[in-house]
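Take a look at the structure below.
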Amino acid sequence: MKAVLAIDQGTTSTRSLLIDEATAVRAAFRVELVQSYPAAGWVEHDPEAIWRDVVSTARDALDKAVGLGLDVAAIGIANQRETCVLWDRESGQPIHPAIVWQDRRGADWCQRFIDDGLEPDVRNKTGLLLDSYFTASKLAWLLDTIPSARDLAERGRLAFGTIDCFLLWRLTGGKVHATDATNASRTLLFDIGKMAWCPELCRMFAIPMQILPQVRENDALFGMSERHVLGVSLPVTGMVGDQQAALIGQGCLGRGDAKITLGTGGFAMQNTGSHICHSEHRMLATVACYSAGAAHYAMEGAFFVAGAGVKWTRDKLGLVASSAETEVMARSLPDNAGVYLVPAFVGLGAPHWNPTARAVLTGMTFGTGPEHIVRAALECVAYQAADLLNAMTLDSGLTFDALKVDGGMVVNDWLCQFLADILDMSILRPANIETTALGAAFLAGTGAGIWSALPDATSRVPLDRHFVPTMAMTERNRLLSGWRDAVRHVLC
Ligand SMILES: Nc1ncnc2c1ncn2[C@@H]1O[C@H](COP(=O)(O)OP(=O)(O)O)[C@@H](O)[C@H]1O
Ligand SMILES: O=P(O)(O)OC[C@H](O)CO
């Protein structure tokens, strides 16, 4: 039976999965990734660690494929988006750690451009806002800060890429410098109407265009992996940003279909078809998929801290020994006792887009204990999701009464029920929450001819559970009003 090797390089972990032609996940290998916080608001990853984890998990998966009798026909890559890598084309070595999407060091650049009144034009071209979440200001920082980087870049010695592009470069032994349109659409340098790098935006951020990768369709033949890397040469026929991958992996292929992914951060995305929906409520327009010469778009709302807040209660505060324990703690309380966490550890994303905001816990009394803080870290995910969905519905006019969820956090039943209650809509959790890997596999398998068109996950991936709202409206409104008060503390 044919299969695809799907690589999902996420913020907190790297996964390699085998997905067979019946779209079943046959094996999965995962390695956690170390996060580095070298200064306030900075977040970095070691690109070599990412590469090692990709190679080791992919090799494990390919070994397993032999045992399972699977004929792996292609590789698909989904990745944490916006994260910036700059490397030397001759040595193949990154010249600096990867600057992660959560990193705020480019905030001053963006603010200067906002002050100069440039944001409306940037929004029209890119669908994005002038925020340091996106790649351009991270790249500008690297070129301005690393000695001789600008000079090397102008002489064509350096290559820039998001994680997909860096992995492709390494897999192909430095032969292919390319990315896909969904990843390009997150850089602030890509015109999503023209589907091309934008020279004016590159000039604005002082980015020499010779360092940019070629942009391809999501199911293109990106290149062949070198035999010595994975022990076998395979075509890479799918690359896609992880949130767009999840949209595809959830079967949100029609206009109006929506999902929310709750991993490190929270990402709500709604398919807007061939229409670029320019938001009036500070949502983003982005490329959902580019294939057969046609671009499909999505509206997106992103918040930076979802599971990252749970990780903070576990790793920094030591309030829980495992992420799973948060569910037990949240259930142990009858209510939140007025305690809210606004998790602005790296500023606030949509709809506020405030890079300098910092996290607060409000409403604490002497009765507040670890369980209240843990519960607040879970509750804030639902409140942030509510803020996003309200804005998205107002913008697109496309309403929905059920929402598909995925990402590492949604194994938490308490959180899914609370989400249903706060959003006042049904929450649909698929049996396989690895929808990101599925999306990457669907693209790669389509590119490699395993499927003649993108498989529709809705007919193939069974539902695990349907969470129905049960909370009274007065209670929902009381909780949301408490959340809005807490957010005001952060924004004032
Ligand atoms: N049972 C759980 N309850 C709440 N959060 C969880 C649970 N299990 C994992 N998480 C959170 O999910 C996140 C990992 O999700 P994942 O989708 O793998 O992230 P990413 O793709 O960003 O690396 C972590 O931040 C972790 O804290
Ligand atoms: O790694 P994830 O799954 O948290 O996704 C990160 C996003 O792509 C950032 O935009």
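The values are calculated or read from the model by the stated rules, or taken from the named source; none is laboratory data. Computed from a predicted structure; not experimentally measured. With ideal geometry, Cβ positions are generated from the backbone for all residues, glycine too; neighbour counts draw on all protein chains shown. Please note that ligands, DNA and RNA were not included when accessible areas were found on the heavy atoms of the full protein model with its side chains. Shrake-Rupley method; radii C 1.70, N 1.55, O 1.52, S 1.80 Å.
Do we have residue 369 as open to solvent by 40 Å² or more (accessible area, probe 1.4 Å) and without any contact (Cβ under 8 Å) to a residue 60 or more places away in the chain here?
Answer is no for this residue.
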| message | So for the range 161-171 (the condition being at positive phi and either outside any loop (DSSP other than H, G, I, E, B) or more than 16 Å from ligand 1 (Cβ to nearest atom) (or both)), does at least one residue qualify? | response | no
| request: Using the structure shown, decide if residue 104 is open to solvent by less than 20 Å² (accessible area, probe 1.4 Å), within 16 Å of ligand 1 (Cβ to nearest atom), closer than 26 Å to residue 395 by Cβ and basic (Lys, Arg). | output: no
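Conditions tested, residue by residue: (1) modelled with pLDDT of 95 or more; (2) within 14 Å of ligand 2 (Cβ to nearest atom); (3) assigned to a loop (DSSP other than H, G, I, E, B); (4) within 18 Å of the chain's Cα centre (by Cα).
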residue	(1), (2), (3), (4)
3	yes, no, no, no
15	yes, yes, no, yes
18	yes, no, no, no
29	yes, no, no, no
40	no, no, yes, no
| said: Just to be sure before I move on: is residue 247 hydrophobic (A, V, I, L, M, F, W, C), within 16 Å of ligand 1 (Cβ to nearest atom) and touching a helix residue (DSSP H, G or I) at 6+ places or on another chain (Cβ under 9 Å) in the structure I sent? | reply: yes
| request: Out of 272, 286, 264, 237, report the one residue that is β-branched (Val, Ile, Thr) and within 16 Å of ligand 1 (Cβ to nearest atom). | output: 264
| Just one of 319, 388, 415, 333 is away from ligand 1 (no atom under 16 Å from the Cβ) and either more than 26 Å from residue 36 (Cα to Cα) or not in a helix (DSSP H, G or I) (or both); which is it? | 388
| message | If I ask for residues that are hydroxyl-bearing (Ser, Thr, Tyr) and either in contact with a Cys (Cβ under 8 Å, 6 or more places away or on another chain) or at pLDDT below 95 (or both), which ones from the range 292-329 would you list? | response | 297
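Output the strands (runs of 3 or more DSSP E) that fall wholly within the range 193-273 and possess 3 or more residues being open to solvent by less than 40 Å² (accessible area, probe 1.4 Å) and more than 26 Å from residue 4 (Cα to Cα), or say none. Lay out the reasoning, then the answer.
Values: elements: 214-216, 235-241, 258-262, 266-273.
Hits in the range 193-273: 266-273.
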